[in-house]
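Notes to accompany the following structure.
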Amino acid sequence: MGIPYARAIDAWRAAAPAAPQACALAVPELLRGFHPDHRPGGMRVLRAGASAGSPCPAELADLLQADSPLEDVDIAGAPMLETDVLVIGGGGAGCVAALTAARAGARVLLATKLRIGDSNTVMAEGGIQAAVGAEDSLQRHFEDTLRAGHFAADKALVAALVSDGPDAIRWLIQEGMSFDLAEGAQRMGGTLLRKTPGGASAARLLSYRDFTGLELMRALREATLLQPGIVTLDRHPAVELLTDDRGRCAGAALQDLGRGRTVLVRSGATVLATGGSGRLHVAGFPTSNHYGATADGLVLAYRLGAPLREVDSFQYHPTGIAWPRHLEGALVSEAARSSGAALVNALGHRFVEELRPRDVVAAAILREIAEGRGVERDGCTGVFLDTPSLEQATPGILGRSLVTLTHLARRAGIDAAAEPLLVRPTLHYQNGGVAIDPACRTVVPGLLCAGEVTGGLHGRNRMMGNALLELVAFGRRAGASAAADARGERPRNVGLTHLADWRRALIVQGLPLGRKAPVIFPAYGNFDIAPARGRAA
Amino acid sequence: MADISTLAEPVRFVFDGHAIETGVRTSLLQAWVGAGLPLTENVGCMGQGVCGACRVLVRRAGERLACTALACETLAEPGMQVSFLDHFPASRPHAYDLRALTDSWTAIDRIDAVFPEAKNCRHCSGCDRACPKGIEVQRMVNLAAAGQALAAADLFDHCVMCNLCVAACPEHIDPAHLGQFVRRMTASLTLRPSDLIMRLHEIEEGRQPIDPDAPGANPLVAP
């Protein structure tokens, strides 16, 4: 399949540092030929629901067109909590929305599947984009984001994102998040360290070491836990949304995993901030995602009538660990390539400009592997990320600013300063999701969405650093809208009336009612929500 | 740690009372899942080592004392005894409002006001031994108690908030939260980047307009 490791490492050593080389194939052909979104037979056309007729990966389509694990009788007599704003999801977007809504005077209940903070946010490494450089502008950030997304994004959402950028950074600093400063800069009046994310026309990536998401999440988690007016429920995943007799979202049914019972929450407004779906392992890829990323929010919003967009578009991060097997899929941050680490095939050649957009770089790596120029080690195939040449060019960089990478290499049993890492693309991000407007409202009254669960912002490919910015910018927008909406009409006659229509739609299309979603945990978590209800997990 | 990379035999160990058999180079978390046991808590980032959710108590074969670790970062070894440690929030919340800290002259006094137990440190170093990241927790507590906020904050750069030091501290100092407090306080009070401030002024004054119809905001039309 590939070239054996021993031969490949000799080729790498002979050529290091390998000379840059242009990508030979034209981009559209490269993507069509090698990007996993285009694999033959991978997509299915949705038959039921608001996005019927749209293509969707088979793994996700099965869940979107599944039945609820709940029946009317399951919620009869269930304890009912009451709040102004219900936030579902305890990652970055959820915490930002909860904080904003609570500070606007709303009573907030934040429910999360694992613990508050356990999410993809904490795993984000590279950084957060905001156009603060003198040579940079909001317009350039706007155009870069649209171009990277192949012009499929909603311009109003992108404009909202980029214009919120600088103020989002100020807000984060006020919440106690630190940022790296330029070499020798002072904390007061200095300038921020800026790196260039793949596909950008200016250095715009702000960071904290290479664990920017951890730094962001630990500040936001403390802020949320200390904020008066927010009640948090850990280990309470949402299994269904509630509606009232006018079709308004009226809250959610949560599964209390500790006690094995259903709890209902009635709310004036509901914010879905449930993140993505990497743990569905679309196209059989390993994933860099958090354990809880199982598309729950997409399933719940879709069943309630919210259309999705670009759900056939996923981001495969170019540099996941390919070897050793027990670390497969773990992420090597794009910060390594922004700092100058090269990708090298088994012949010792570079084959792509490393800072092209992620879909291009990922497809180029998959092409090397498919055409036999990959490196094979213990049955795992990938290409080299040349960290030793980077360390040689910039002594000390691995220990100083690529901390997470160095830690990962040590766990792989190698010294990143002496031996290159073996990498290949890993399933990283859900580019599409629930369609929203710039105020984070969906077409379903009372239902708002923020963060990775939403679609329209990234088009068909997300730029590095726009995910962390998205969760702050749109988390704040969602929190403000939810607090305002919750002051309006309260839901009445709350229940599961929407499920009757949904089941009828499934039956009309000949879809099975036996499949239940959301799944809450990936299959290898040895947990099935349907029989587990009524039993503590 | 025993060198297990050369072992061909399956690794047998006990995890929360379950006798588990697994392959070499398998993390404790992977071994748990591989044994068919339900994983609905004590899990987060699945191996990146940033979430601090998979805390375990580990006693290795032949050792008398147990130590704390993260299950995603620790490989299974023959004869190990392992148990998950439940999530334990700080027993007494040290409440503060960062946004009310507007007078930086009195900010350092707030460390003692919010975390009065910090000065009671017994120097037992239980927190240092509990930390799976090798952070000098006790030194941070002592620096913070002495008002040296920046030096204390630096020591907690790599903290993942697993709260194992919180559980270990007999004085209820809540070191992880103290560390987070000094880190947040120093960032919010002292970080004032000029480039960010300039850009915010430009936006307020309307000097950063966005033109959705600019040539760069639309696909190239083939000639």
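The values are calculated or read from the model by the stated rules, or taken from the named source; none is laboratory data. Bear in mind that the values here come from a model prediction, so they are computed numbers and not experimental data. Cβ sites come from the backbone with ideal geometry, for glycine too, and all protein chains shown count toward neighbours.
One table, with the values for the structure above:
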{"quantity": "Odd one out for B:PRO175 among (1) out of contact with any His (no Cβ under 9 Å at 6 or more places or on another chain); (2) closer than 20 Å to A:ALA156 by Cα; (3) more than 7 Å from chain A (Cβ to nearest Cβ)", "calculated": "(2)"}
{"quantity": "Inter-residue pairs, beta-carbon under 9 Å, first more than 21 Å from A:LEU64 (Cα to Cα) and in the stretch A:19-47, second of a type in the set (Asp, Glu) and at pLDDT 95 or above, 6+ apart", "calculated": "A:LEU31/A:ASP37"}
{"quantity": "Test for A:ARG170: is it facing another protein chain (nearest Cβ under 7 Å) and in contact with a Leu (Cβ under 9 Å, 6 or more places away or on another chain)", "calculated": "yes"}
{"quantity": "Pairs, first in a loop (DSSP other than H, G, I, E, B) in the stretch B:84-100, second among the hydrophobic types (A, V, I, L, M, F, W, C) and at pLDDT 75 or above, C-beta under 6 Å, six or more apart", "calculated": "B:LEU85/B:LEU57; B:PHE88/B:ALA167; B:ALA90/B:VAL166; B:HIS94/B:VAL114; B:HIS94/B:PHE115; B:ALA95/A:LEU226; B:TYR96/B:VAL114"}
{"quantity": "Failed criterion for B:LEU37 (all others in (1) part of a loop (DSSP other than H, G, I, E, B); (2) away from chain A (no Cβ under 13 Å) hold)", "calculated": "(2)"}
{"quantity": "Exclusive hit being within 18 Å of the chain's Cα centre (by Cα), at positive phi and surrounded by fewer than 22 Cβ atoms within 10 Å (Cβ to Cβ), set A:GLY305, A:GLY284", "calculated": "A:GLY284"}
{"quantity": "Filter result for the condition that a residue is acidic (Asp, Glu) and more than 9 Å from chain B (Cβ to nearest Cβ), over A:GLU215, A:GLU222, A:GLU240", "calculated": "A:GLU240"}
{"quantity": "Any hit, the stretch A:67-88, residues being surrounded by 21 or more Cβ atoms within 10 Å (Cβ to Cβ), within 30 Å of A:PHE179 (Cα to Cα) and within 23 Å of the chain's Cα centre (by Cα)", "calculated": "yes"}
{"quantity": "Qualifying residue in the stretch B:208-223 (condition: away from chain A (no Cβ under 12 Å), more than 30 Å from A:GLY165 (Cα to Cα) and buried (at least 22 other Cβ atoms within 10 Å of the Cβ))", "calculated": "no"}
{"quantity": "Residue list for the stretch A:1-16, restricted to those being in a loop (DSSP other than H, G, I, E, B) and closer than 20 Å to A:ARG350 by Cβ", "calculated": "A:GLY2, A:ALA16"}
{"quantity": "Selection count, the stretch B:140-153, where residues are surrounded by fewer than 21 Cβ atoms within 10 Å (Cβ to Cβ) and closer than 15 Å to A:GLY176 by Cβ", "calculated": "1"}
{"quantity": "Residues satisfying the stated conditions in the stretch A:100-125, i.e. assigned to a helix (DSSP H, G or I), of a type in the set (A, V, I, L, M, F, W, C) and either in contact with an Asp or Glu (Cβ under 8 Å, 6 or more places away or on another chain) or at the interface with chain B (Cβ under 10 Å from one of its Cβ atoms) (or both)", "calculated": "A:ALA101, A:VAL122, A:MET123"}
{"quantity": "Every pair of residues 6+ apart whose Cβ atoms lie under 8 Å, when the first sits in the stretch A:401-429 and is under 27 Å from B:PRO132 (Cα atoms) while the second is of a type in the set (Asp, Glu) and part of a helix (DSSP H, G or I)", "calculated": "A:ALA416/A:GLU391; A:ALA417/A:GLU391"}
{"quantity": "Number of positions in the stretch A:176-204 that are at the interface with another protein chain (Cβ under 7 Å from one of its Cβ atoms) and either in a loop (DSSP other than H, G, I, E, B) or closer than 19 Å to A:LEU99 by Cα (or both)", "calculated": "8"}
{"quantity": "The stretch A:17-68, subset among the aliphatic types (A, V, I, L, M) and in a helix (DSSP H, G or I), residue modelled with the lowest pLDDT", "calculated": "A:VAL27"}
{"quantity": "Pick from the stretch B:178-207, criterion at the interface with chain A (Cβ under 7 Å from one of its Cβ atoms) and not in a helix (DSSP H, G or I), ranking: surrounded by the most Cβ atoms within 10 Å (Cβ to Cβ)", "calculated": "B:PRO193"}
{"quantity": "Condition broken by A:ARG170, with the remaining ones in (1) in contact with an Asp or Glu (Cβ under 8 Å, 6 or more places away or on another chain); (2) free of Cβ contacts under 8 Å to residues at least 60 places away in the same chain satisfied", "calculated": "(1)"}
{"quantity": "Any hit, the stretch A:39-55, residues being more than 19 Å from A:VAL299 (Cα to Cα), β-branched (Val, Ile, Thr) and away from chain B (no Cβ under 14 Å)", "calculated": "no"}
{"quantity": "In the stretch A:321-336, the residues that are buried (at least 24 other Cβ atoms within 10 Å of the Cβ) and more than 20 Å from the chain's Cα centre (by Cα)", "calculated": "A:ALA322"}
{"quantity": "B:LEU164 being within 13 Å of the chain's Cα centre (by Cα), crowded, with 19+ Cβ neighbours inside 10 Å and aliphatic (A, V, I, L, M)", "calculated": "yes"}
{"quantity": "One residue from B:LEU75, B:LEU28 being facing another protein chain (nearest Cβ under 9 Å) and either basic (Lys, Arg) or touching a Ser or Thr at 6+ places or on another chain (Cβ under 8 Å) (or both)", "calculated": "B:LEU75"}
{"quantity": "Count of residues meeting criterion [within 20 Å of A:ALA293 (Cβ to Cβ) and not hydrophobic (A, V, I, L, M, F, W, C)] in the stretch B:33-72", "calculated": "9"}
{"quantity": "Of residues in the stretch B:40-55 being touching a residue at least 40 places away in the same chain (Cβ under 8 Å) and under 13 Å from B:SER83 (Cβ atoms), the one farthest from the other protein chains (Cβ to nearest Cβ)", "calculated": "B:ARG55"}
